[in-house]
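Scroll down for the structure; my scribbles are underneath it.
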Amino acid sequence: MNKNKNGVWTSWNDNISSNYESLYKITSEQELQEIVKKSEKIRVFGNKQSSADIASGVATLVDMRTYNQVIHFNESAKTITVQSGIILGDLLEIIESKDWCIPCLPDINTITIGGALATGTHGTSGKLLSEYVINFRMVLADGAIKTITEKDNLINAVRVSLGALGVLSEITFQCEPLYTLHIKEGPEDDTLWLPKIKERLQNHDFLRILWLPHTDKGYVIIGDKIDSNTAIKEDLGPSYLKHRRTASKILYKYSHVFPWITAIANKLLYKGFFSTIKEHKGSLYQSTVTKSRGSTLELAEWTIGLDLFPQVFEELKTEINKWSNKSFIHIPMDIRFVYKDKSWLSYAYQKDIVTMGCVSRNAATADTYEAFKSIEKIFLKHGGKPHWAKRFKAKDKQLSLVYAKWEDFKLLRTKFDPTNKFMNPYLEKLFNIKR
Ligand SMILES: Cc1cc2nc3c(=O)[nH]c(=O)nc-3n(C[C@H](O)[C@H](O)[C@H](O)COP(=O)(O)OP(=O)(O)OC[C@H]3O[C@@H](n4cnc5c(N)ncnc54)[C@H](O)[C@@H]3O)c2cc1C
């Protein structure tokens, strides 16, 4: 076990930092148990890619990224058991080499499995990543191990639990046979894509819309499962498309000073990078997940019931198009779809939902980005839920109104962690824990 003393922890985009007394790097479950048992206050972290202040801020920290081995495969059942610090991309390469897949993936491959599961990470046209887990081993506040399987009701509390019930140790995923997607992408007017959402979800295997604020357009990505040998007319568009994020960064450089620049920048970005049609094929991972990002960013994301989405979308659009409003929003707002589940703190608890991302390409000036405030106001008003890993201001009072199981989760948390060992200052406010 490796230990650092008295340092500063910093998130990937430098927006969050805090002092720590001890920072451990672990490689075994036993080490994790010992540290949890002896610590008064502890948080563990993965790749530090969350925008919410949930991964640090206490005396003892554990870097989970060195706890990253594959433990076991079951070839006939298509299951894989891994240590929770494994990076998602590494896990997916291993799974694909066996011709297996996880059928719903986020658009990032550098996060750890532990961080992804704890915060309700999701993709589109499927379920949260944590819904594909059939077995969790968790280190409890007293250092003991608890195994939670699909047979335990407790699994519905553990699947999305913010590291507040314990530390996820070994995770078993149920995989499915690998498949090939035929992807077609292209721009559409808002008046076209918005009314077609339900029909497209029924008729296609993959649907994602990159909404382009201030242009009246969405960039629609549709995928259908095909035989891997099916010939398609591959067209990846001009090679300069790969410079989209760099161009965005340059065009938005002064948008925190003059927010209206965003409306002009978006029109230019639409013309340059989102007006062509593309066609390609590949696995879900290879054809839809971004593998590298040239720069950091800051994120918020809100979710709302599928039926309410068109109304909320129109309200948001009207609000941000007002020139009196400073909420000019950077491209794109990522619109994705998650099917209902039973997990207490899932955004999709008992209903199909739409998720809508909101990005600031200038991470350093994110505090002045009015769009984060506007999206929160509108989604909360309609009963929307924020992504646990991203930027939002709502706390206990508002969350208790949108999560049917909020109070049950709080009660369970107090049983599992009576001394609030796993709470940092941000989570204490979130759960309204009085010191
Ligand atoms: C560019 C970018 C793209 C993204 N795309 C998506 C997306 O498509 N869909 C989506 O839903 N989200 C997305 N996210 C959010 C991302 O999935 C979460 O922020 C995720 O938590 C990051 O994982 P991490 O390893 O960096 O975790 P960290 O940020 O290090 O930790 C997150 C939380 O998990 C806890 N934690 C970490 N490991 C464990 C463990 N073993 N046991 C218990 N708790 C643990 C930490 O204490 C912390 O509270 C994106 C983020 C970025 C920056």
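The values are calculated or read from the model by the stated rules, or taken from the named source; none is laboratory data. Not measured: the values here are computed from a predicted model. All Cβ positions, glycine included, derive from the backbone under ideal geometry; neighbour counts span all protein chains shown. SASA here: full protein model, heavy atoms, side chains in, ligands and nucleic acids out. Shrake-Rupley method; radii C 1.70, N 1.55, O 1.52, S 1.80 Å.
Exactly one residue out of 97, 51, 56, 76 is within 10 Å of the ligand (Cβ to nearest atom) and over 21 Å from residue 293 (Cβ atoms): that is 56.
Scanning segment 271-291 for residues that are under 23 Å from residue 366 (Cβ atoms) and touching a Ser or Thr at 6+ places or on another chain (Cβ under 9 Å) turns up just one, 273.
For segment 168-179, the set of residues classified as polar (S, T, N, Q), touching a helix residue (DSSP H, G or I) at 6+ places or on another chain (Cβ under 9 Å) and either free of Cβ contacts under 8 Å to residues at least 24 places away in the same chain or within 15 Å of the ligand (Cβ to nearest atom) (or both) consists of 169 only.
Yes/no per residue for (1) under 16 Å from the mean Cα position of the chain (by Cα); (2) surrounded by 21 or more Cβ atoms within 10 Å (Cβ to Cβ); (3) among the charged types (D, E, K, R):
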| position | (1), (2), (3) |
| --- | --- |
| 308 | no, no, no |
| 318 | no, no, no |
| 331 | no, yes, no |
| 336 | yes, yes, yes |
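Taking the criterion of being outside any helix (DSSP H, G or I) and in contact with a helix residue (DSSP H, G or I) (Cβ under 7 Å, 6 or more places away or on another chain), the residues of segment 365-383 that qualify are 382, 383. Return a yes/no flag: does segment 350-364 have any residue that is in contact (Cβ under 8 Å) with a residue 40 or more places away in the chain, outside any helix (DSSP H, G or I), open to solvent by 40 Å² or more (accessible area, probe 1.4 Å) and touching a Gly at 6+ places or on another chain (Cβ under 6 Å). Within segment 350-364, one or more residues are in contact (Cβ under 8 Å) with a residue 40 or more places away in the chain, outside any helix (DSSP H, G or I), open to solvent by 40 Å² or more (accessible area, probe 1.4 Å) and touching a Gly at 6+ places or on another chain (Cβ under 6 Å). Scanning segment 249-289 for residues that are within 19 Å of residue 187 (Cβ to Cβ) and within 13 Å of the ligand (Cβ to nearest atom) yields one hit, 288. You will find that of 70, 8, the residue that is aliphatic (A, V, I, L, M), surrounded by fewer than 16 Cβ atoms within 10 Å (Cβ to Cβ), more than 18 Å from residue 137 (Cβ to Cβ) and away from the ligand (no atom under 13 Å from the Cβ) is 8 and no other. Residues in segment 105-147 that are near the ligand (Cβ under 7 Å from one of its atoms) and either on the phi > 0 side of the Ramachandran plot or of a type in the set (Ser, Thr, Tyr) (or both): 112, 119, 120, 121. In this structure, does residue 217 turn out to be touching a Ser or Thr at 6+ places or on another chain (Cβ under 6 Å), touching a residue at least 12 places away in the same chain (Cβ under 8 Å) and within 27 Å of residue 366 (Cα to Cα)? No, not satisfied. Among the residues making up segment 296-313, those that are away from the ligand (no atom under 16 Å from the Cβ) and touching a residue at least 60 places away in the same chain (Cβ under 8 Å) are 305, 306, 308, 309, 310, 311, 312, 313.
Within segment 380-435, if we keep just the residues that are of a type in the set (Ser, Thr, Tyr) and without any contact (Cβ under 8 Å) to a residue 24 or more places away in the chain, the residue that is nearest to residue 144 (Cα to Cα) turns out to be 414. For segment 286-306, state whether one or more residues are in a helix (DSSP H, G or I) and either closer than 24 Å to residue 161 by Cβ or of a type in the set (Val, Ile, Thr) (or both). Among the residues of segment 286-306, at least one is in a helix (DSSP H, G or I) and either closer than 24 Å to residue 161 by Cβ or of a type in the set (Val, Ile, Thr) (or both), which makes the answer yes.
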